[in-house]
Amino acid sequence: MERTEILTADDAGIARAAELLAGGGLVAFPTETVYGLGGDARRDETTARIFEAKGRPRFNPLISHLPDLEAAEALAQFDARARALAERFWPGPLTLVLPLREGAGISPLATAGLPTVALRVPAHPVARALLTAFGGPLAAPSANPSGRVSPTRADHVLAGLSGKIAAVIDGGPCAVGVESTILGLDGEPRLLRPGGLPVEALEEALGQRIATGGDAKRPNAPGQLSSHYAPAAQVRLEARAAETGEILVGFGPVKGDLTLSDSGDPVEAAARLFHILREADALAGPAGRIAFAPIPEQGLGRAINDRLRRAAAPRG
Ligand code: TXA
Ligand code: MG
């Protein structure tokens, strides 16, 4: 156990975080999607400690975060498509999986030994300031124990990882609220995870439909393991009313004990999703049940439904 420092999202807090990272420590920091559990992506020991702190299986690779496209191009091979998407959507909630450059210096633990690397340039000002102050790639999975609900506030991070990491920077709630969209671009474009950038925007930019899913030989994004984002309570989907003993989470016309968005706005619902999952879990209690109203499968609704299906999946 170590004492986890709670740092302010100002120059002093960022300088302290950069110092801890330079010493090989783990620091959780806000991004516009969710809080990340950051560590130097070039150091084997540090990346090993990220897997250990999360209890994450070693075969599931990490995203490396960079301050800009130029820094990203030093690590991976960008073709014209990849560069065009990066120029259009970075900084922002998009992760690109690209062929790893020879001698990039990323720890093979971070890439799980794959010939590809997942890269993202986050938009959150605190994440950007931290990446600039640190001056290297930060491996950062979501800052939660593996398989549990992702954190969108500093207190969510502390609830799962206090005593296991050096520090968390408290930057308030995350604006997007679901993880980045992951696009595989090491061949034909493949959607590896729906997320904070609607896939429709990527299809429009690429001028083609994007196939879903990975190929069987490679780890797909969070869950080949389909149970993920799991609260303690059981989860039921597509509910229009509560059954006895259930906490109902509403959306639009379906009014519940809690709601993702009264007005039926999927952007608002994404921003609130993980906090509401935690609140509903607390209300339902350990043997409780949570029911979610239906959410249309478009725009951010795809990312929300993906997370809810995993939250509802049978536990392994
Ligand atoms: O929004 C986000 O993406 C957040 C913030 C902190 O940036 N990070 C995040 O990381 O969600 P994580 O580790 O929870 O999810 C990363 C996903 C994993 O499911 C992993 O399978 C996939 O990215 N991934 C990483 N490298 C890959 C690769 N080379 N090929 C295919 N998938 C990869
Ligand atoms: Mg995660």
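Quick notes on this one:
- Using the Cα coordinates of the chain, the gyration tensor eigenvalues translate into equivalent-ellipsoid semi-axes of 30, 24, 17 Å, sorted from longest to shortest.
- Alpha-carbon centroids, the stretch 234-266 and the stretch 1-58: separation in whole Å: 35
- Across the chain, Cα pairs under 8 Å and at least six residues apart give a relative contact order of 20 percent.
- Percent antiparallel among DSSP beta bridges (both partners in the stretch 5-212, rounded to 5): 55
- Near Ala82, once Lys and Arg are set to +1 and Asp and Glu to -1 for all other residues with Cβ below 10 Å from its Cβ, the sum equals -2.
- Given 14 as the ceiling on other Cβ atoms within 10 Å, longest exposed-site-free region of the chain for trypsin sites (Lys or Arg not before Pro) in DSSP loops: 59-208
- Here the Debye sum runs over all C-alpha atoms of the stretch 234-312 as equal scatterers in vacuum, and log10 of I(q)/I(0) at q = 0.12, 0.17 Å⁻¹ comes out as -0.27, -0.55.
- Taking Val126, Val27, Val254 as the candidate residues, the one with maximal mean-square fluctuation in a Gaussian network model of the chain, Cα springs under 10 Å, is Val254.
- GluC sites (Glu not before Pro) lying in DSSP loop within the stretch 15-124, provided at most 15 other Cβ fall within 10 Å: Glu102
No lab work stands behind these numbers, since they all come straight from the coordinates. Note that the coordinates shown come from a computational prediction; the quantities given were computed from them, not determined experimentally. Counting neighbours? That spans all protein chains shown, and the Cβs are built from the backbone with ideal geometry, glycine included.
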